[in-house]
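In what follows, a single structure is set out as structure tokens and then discussed.
Here, each number is a calculation from the coordinates, and none is a lab measurement. The structure displayed is predicted, hence computed values, not measured ones. Positions of Cβ are backbone-derived with ideal geometry, glycine not excepted, and every protein chain shown enters the neighbour counts.
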Amino acid sequence: MTAPLYQYPAKTLLGRVVAKQRILAHVRATARFRDRLRDDVGQINWHAKLAHNTLNLPGTDDVQELQVFVITLKGDDLHRDVLRAIDHAIPFPILFELQGDRGIRVTAAYKRPSQADPSKWVLDDHYASSDWLPAVTPRQPLPTAIDLKQLYQQILRSLLPVSARQGEALPDQLERLELLESLKKDAAKLAKRLRSEKQFNRKVEMNAELRTIREKIANYDT
């Protein structure tokens, strides 16, 4: 989906290169993962830190700081395992900008402290992403927010393919999106089976089932 590229204020900028070995030190790296890190990633740059002392927005228990990482790609895209490894290595929410031949793509997964152990982090399975945008795309000011948690959630919501319902909390919106994607996969599989089904009675049953799934999709998508 199309989402804005943000202009990060000068005071937030760090421009620090993160060594790949630092990422490897925090994960159980398989040979395949090492290959992906070597072959797909040119450089990992800790681009910006959004915090009270850099952005003049108060932090919260959930979001004390928000990091922005720019990853220069060697290939067309980046496997989710690499993003998850970096997320696990850095104990703060992260916004990623992937930069390569296809342009720039913003991606992030919802990350929050564990309720059972606030020293640990819970990372959502789903990475929300923008479309690939031309490198010359104008950047927009950061959204207006009262604290870093609200800023983080606004940026994440801008990456989601479904808009929030009135009063819908971000975790509920993400759960609805997960259910929506699961239903769409079920519908695609059923439609494929339907095209190859020969028995008339079975086709009628499958058509009815497909209509039910599509009605659920329409309900979750609005």
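Can you give the charge dipole size of the chain about its Cα centre, rounded to the nearest 20 debye, using +1 on the beta carbon of Lys and Arg and -1 on the beta carbon of Asp and Glu? Kindly include the intermediate steps, with their values, before the conclusion.
On the way: 35 positive and 28 negative charges, 138 e Å.
Computed charge dipole of the chain: roughly 660 debye.
Summarised as an ellipsoid, the stretch 1-126 has semi-axes of 23, 19, 13 Å, derived from the eigenvalues of the Cα gyration tensor scaled by 5 and square-rooted, with the largest first. Please say if the stretch 102-187 is rounded, prolate or oblate, where rounded means a/c under 1.5 for a ≥ b ≥ c the square roots of the C-alpha gyration tensor eigenvalues, and otherwise the choice is prolate for a/b larger than b/c and oblate otherwise? The shape class here is oblate. In the stretch 142-218, Cα pairs under 8 Å separated by at least six residues give a relative contact order of 23 percent.
The mean sequence distance of close C-alpha pairs (under 8 Å, at least 6 residues apart), as a share of the length of the stretch 55-126, puts its relative contact order at 27 percent.
Placing unit charges on the Cβ atoms of the charged side chains and taking the dipole of the chain about its Cα centre, the candidate lying farthest along the positive direction among Q99, L156, T12 is Q99.
Note on the stretch 6-161: Lys pairs 8 or more places apart or on different chains, Cα atoms under 28 Å apart, count 16. Over the stretch 174-220, the reciprocal of the mean inverse Cα-Cα separation, the Kirkwood hydrodynamic radius, stands at 11.1 Å.
Out of all DSSP beta bridges in the chain, what portion is antiparallel? Express it as a percent rounded to 5. Please report the intermediate quantities before stating the final value.
Values: 23 of 31 bridges.
Counting DSSP beta bridges with both partners in the chain, the antiparallel share is about 75 percent.
With 0.36 nm allotted per residue and the present C-alpha distance subtracted, the A218-D62 stretch has 52.9 nm of extension available. With semi-axes defined as the square roots of five times the eigenvalues of the C-alpha gyration tensor, the equivalent ellipsoid of the chain measures 35, 22, 17 Å, largest first. Computed packing ranks the peptides 44-51, 145-152 as 44-51, 145-152, most packed first, by mean other Cβ atoms within 10 Å. Using Cα-Cα distances under 8 Å and only pairs 6 or more residues apart, what relative contact order does the chain have, in percent? Result for the chain is 18 percent. Can you list the trypsin sites (Lys or Arg not before Pro) in the stretch 179-222 that are in a DSSP coil and have 13 or fewer other beta carbons within 10 angstrom? Sparse-neighbourhood loop trypsin sites (Lys or Arg not before Pro): K198.
For the options A169, A188, A89, a Gaussian network treatment of the chain with springs between C-alpha atoms closer than 10 Å singles out A188 as fluctuating the most.
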